């Protein structure tokens, strides 16, 4: 199993409107096979759906050429808390060179997941966010 460090900004934060800022750039290309595996969150912006979460991980597994299984886990209310798990799917946005995904944990809702920074050589770190910041 591959282990990586990840710097996550919130996936579904709807804070500031993106119209006040220039468009966000994403990485030029993501090799999906290298991105698969388990990533560890080392920082995030506050968001309601991760309130009280510690030791957060995200695991990615290929379903088919355009779909990735996503399993997010965290410990509730402390390092020894119960494990909370959310399973979903990520759909690669056509024309994005795999750098933009639409993530769905609850049908029919999907959220943006943009890969903003990535260690292109070893895939040891990534920073993700949304167009709304």
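Where a number appears in this text, it was derived from the coordinates with a stated rule and is not lab data. Everything numeric in this text was worked out from a predicted model, so none of it was measured. Cβ: placed from backbone, ideal geometry, glycine included. Neighbour counts: every protein chain shown.
Quick look at the numbers
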| item | result |
| --- | --- |
| D (Stokes-Einstein, µm²/s), Kirkwood Cα radius, the stretch 3-129, 0.692 mPa s at 37 °C | 217 |
| Pairwise centroid distance, computed over Cα atoms, of the stretch 93-107 with the stretch 35-91, Å | 16 |
| Ordering of 69-75, 90-96 by packing [mean C-beta count within 10 Å, highest first] | 69-75, 90-96 |
| Cα→Cβ-extended label distance, 7 Å offset, between residue 125 and residue 67, nm | 3.4 |
| Cα extents of the stretch 80-126 along the three principal axes, largest first (Å) | 35, 32, 12 |
